[in-house]
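For reference, the structure is listed below as structure tokens.
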Amino acid sequence: MGKSIKLVLIYLLMQVVAAMISIVISIPFYGIDLEASQTFTLVTALLLGMVGMMIYLYRSGEIPTCKNTWSPVSFLYMVLSLVAGLCGMVLVDFVTSGLSWLPNWMENTFDQVLSTGLGVLGVALFGPVLEELLFRGAVTRILLQRYSPAKAILFSALIFGIFHINPAQIAGATLIGLFLAWIYYRTESLVPCILIHVLNNSLAVGADRRFPEVETLADLMQPSAYYVLISASIVIFALCLFAMNRQTTPNKVIH
């Protein structure tokens, strides 16, 4: 557990250092006007923090190199995992819609980051890849070596959820973290985890840009259609999990 938390704290420290560096970089362009340079510094800090952590994971040997890590498992498994991922996103949206009272500390920050092309790439693509390398490829792998699968998956999901800090995101991130950690446990592969994470973030970014005033799917649909969607998502998600479970054998030792 200690090593897993250490890696997350290092990433948070990387982000703080990246923010300080980005402020310095912005001075030649914006002077000391922090308000005018805010979007630039946020996006630059986001990307620098990701690059720094990627380098650290590589240099410290925390990026798995075994064959299974970069295997798509099978074409059928990838389809099942993406369908399950889509249904899971609908169900997470349903759960978080009941937690709308939680404060969204990062709302303005996300709006500024997503106002630039690099920011969109950072959130929709670069971020998911790095977070899967860190939270599944390193954190979950370490936990699976030390705890029972159930405890490792739960601890991994909680760490992933708490890492987001923003109260409005913690519950959703924890639920998605459970699903992704389970996939990694069953397959030892990061490929389906990365694709699901990219899909989740890309859809969230697209929805935010297309419907900036909409908070949940319920705001876009008639109540009857919405509850049909939720019911169908539960059934399809369960069927996909059953099929995915039958297609894989969990690794007793995660390298």
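The values are calculated or read from the model by the stated rules, or taken from the named source; none is laboratory data. This structure is a prediction, so every number in the text was calculated from the model and none was measured. All Cβ positions, even for glycine, are placed from backbone atoms using ideal geometry, and neighbour counts span all protein chains on display. Areas reflect the complete protein model, heavy atoms only, side chains present, ligands, DNA and RNA absent. Shrake-Rupley method; radii C 1.70, N 1.55, O 1.52, S 1.80 Å.
Check Leu76, Leu47, Leu82 and return the single one that is open to solvent by 70 Å² or more (accessible area, probe 1.4 Å), touching a residue at least 12 places away in the same chain (Cβ under 8 Å) and out of contact with any strand residue (DSSP E or B) (no Cβ under 7 Å at 6 or more places or on another chain). Let's see the steps before the verdict.
Details: Leu47 fails: open to solvent by 70 Å² or more (accessible area, probe 1.4 Å); Leu82 fails: open to solvent by 70 Å² or more (accessible area, probe 1.4 Å).
The match here is Leu76.
Which of the residues belonging to the stretch 26-44 are in contact (Cβ under 8 Å) with a residue 12 or more places away in the chain and either touching a Phe, Trp or Tyr at 6+ places or on another chain (Cβ under 6 Å) or open to solvent by 70 Å² or more (accessible area, probe 1.4 Å) (or both)?
Our first condition is that a residue be in contact (Cβ under 8 Å) with a residue 12 or more places away in the chain; within the stretch 26-44, this holds for 26, 37-44.
Of everything in the stretch 26-44, those that are in contact (Cβ under 8 Å) with a residue 12 or more places away in the chain and either touching a Phe, Trp or Tyr at 6+ places or on another chain (Cβ under 6 Å) or open to solvent by 70 Å² or more (accessible area, probe 1.4 Å) (or both) turn out to be Ser26, Ser37, Gln38.
Select from the stretch 96-146 the residues that are of a type in the set (Ser, Thr, Tyr) and assigned to a loop (DSSP other than H, G, I, E, B) and write down the one among them that is least open to solvent (accessible area, probe 1.4 Å).
The qualifying residue least open to solvent (accessible area, probe 1.4 Å) is Thr116.
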Under the condition of being free of Cβ contacts under 8 Å to residues at least 24 places away in the same chain and of a type outside the set (Phe, Trp, Tyr), which residue from the stretch 50-73 is farthest from Gly119 (Cα to Cα)? Lys67
Working only within the stretch 51-69, note down all residues that are open to solvent by 40 Å² or more (accessible area, probe 1.4 Å) and touching a Ser or Thr at 6+ places or on another chain (Cβ under 7 Å). Asn68
Could you tell me which numbered condition Ile162 fails, if it satisfies all but one of (1) part of a helix (DSSP H, G or I); (2) buried (at least 21 other Cβ atoms within 10 Å of the Cβ)? (2)
The one condition Val16 fails out of (1) under 23 Å from Gly177 (Cα atoms); (2) in a helix (DSSP H, G or I) is (1)
